[in-house]
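The values are calculated or read from the model by the stated rules, or taken from the named source; none is laboratory data. Fair warning: this is a prediction, and the values are worked out from it, not measured in the lab. When we count neighbours, we look across all protein chains shown, and the Cβ atoms used for this are built from the backbone with ideal geometry, even at glycine.
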Ligand code: SF4
């Protein structure tokens with residue numbers, strides 16, 4: 001019997017119209033026959049596992065949810081409807097080339113109020129090179145359509161460190177993105193994963209120096225234009241932080257439904273099977289990690305320090321009966337004096353420089 005209430009639900013749609021050269025997500029080429037059967041299993045999993053219906057956030061990601069044909073897209077929205085009644089933030093991930101007016105109207109009708117668009121680059125040549133099938137003008141067009149239809153809360157995703165993209169080109173990307181005035185911008189540094197085309201082709205991830213310079217330039221430009229750097233890779237206009245993603249960073253509970261989706265309920269972090277044929281047979285053998293009290297402490301430090309909400313030392317002390325500041329006084333004071341951390345209202349908060357070396361800070365605080 002589940003004890004802790006989960007306020008958030010993640011739903012994974014693993015299909016894509018084509019596969020990008022760098023992608024390591026759980027995804028596969030769209031085929032209607034698989035998508036139809038997938039939705040049947042997805043509905044079963046939703047009905048069997050999601051017992052909290054007063055959810056605060058729902059995030060439908062992928063893959064590419066908008067790769068579903070219109071009738072299947074409608075079926076998906078209908079199956080989520082019972083869970084979306086009290087939701088404050090309801091996000092769909094979309095690709096510009098498959099986000100039609102029809103789909104926007106359907107999303108609006110079912111209460112979707114936030115859209116996250118995979119832009120990745122604003123340079124059409126770079127987009128071709130990474131096997132994306134949209135152009136920057138497609139992005140402009142869908143943003144216009146979304147706004148005309150009353151969906152104004154829009155995130156644009158960008159990748160930092162793509163091959164042959166200089167800092168100058170990246171600066172142009174950011175200026176192009178700013179010209180569209182989204183409420184939220186995510187910039188993730190390229191990681192080259194095994195089994196991707198990038199890996200096979202010997203593409204290197206950006207160097208630490210390049211990543212630092214890139215993040216610094218992006219951060220300066222975005223902050224100058226009214227965005228707040230609230231998480232390592234995320235910026236928002238005031239009032240538009242991603243509540244769903246904050247669930248993860250606050251170390252709160254959430255459901256993960258669908259192929260390869262991760263969830264966290266009570267003291268178990270789980271990942272659904274990544275094997276489509278098993279999932280379609282209704283066999284969802286989850287990988288589970290039992291979170292012990294000491295794991296919980298580590299997660300709390302690791303996740304809370306990603307955002308400018310920071311790590312609340314008072315509540316940490318209450319939960320774990322541990323005065324972290326006293327235990328790690330030397331390390332914490334040293335990071336405060338080097339301006340990597342700040343202490344405000346007994347919250348330990350990373351600065352921009354701190355976010356750039358977060359792994360090191362976390363290691364120092366948990367070891
Ligand atoms: S569209 Fe997204 S999920 Fe699909 S292959 Fe490209 S990066 Fe991966």
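When 146, 99, 160 are checked against the criterion of being closer than 26 Å to residue 233 by Cβ and more than 16 Å from the ligand (Cβ to nearest atom), 146 stands alone in meeting it. Restricting 92, 25 to those that are in the same structural domain as residue 126 (by TED's automatic domain parsing), within 16 Å of the ligand (Cβ to nearest atom) and not in a loop (DSSP other than H, G, I, E, B) reduces the list to 92. Counting only residues that are surrounded by fewer than 19 Cβ atoms within 10 Å (Cβ to Cβ), part of a loop (DSSP other than H, G, I, E, B) and within 16 Å of the ligand (Cβ to nearest atom), region 102-141 holds 3 of them.
Among the residues of region 10-56, those identified as more than 19 Å from residue 285 (Cα to Cα) and touching a strand residue (DSSP E or B) at 6+ places or on another chain (Cβ under 6 Å) are 30, 35, 55.
Among the candidates 245, 219, 267, the residue that is modelled with pLDDT under 95 and surrounded by 14 or more Cβ atoms within 10 Å (Cβ to Cβ) is uniquely 267. Number of residues in region 263-288 that are over 21 Å from the mean Cα position of the chain (by Cα) and farther than 16 Å from residue 49 by Cβ: the value is 7.
Just wondering, is there one or more residues in region 157-179 that are over 26 Å from residue 128 (Cα atoms) and either surrounded by 17 or more Cβ atoms within 10 Å (Cβ to Cβ) or outside the structural domain of residue 297 (by TED's automatic domain parsing) (or both)? Break it down stepwise before answering.
The initial filter retains those residues of region 157-179 that are over 26 Å from residue 128 (Cα atoms), namely none.
No, the conditions are met nowhere in region 157-179.
Would you please name the residue that is nearest to the ligand (Cβ to nearest atom), looking only at residues in region 28-57 that are in a loop (DSSP other than H, G, I, E, B) and within 16 Å of residue 276 (Cβ to Cβ)?
Let us first name the residues in region 28-57 that are in a loop (DSSP other than H, G, I, E, B), namely 30-31, 50-56.
Those left that are additionally within 16 Å of residue 276 (Cβ to Cβ): 30-31.
Values: 30: 10, 31: 14 Å.
Of everything passing the filter in region 28-57, 30 is nearest to the ligand (Cβ to nearest atom).
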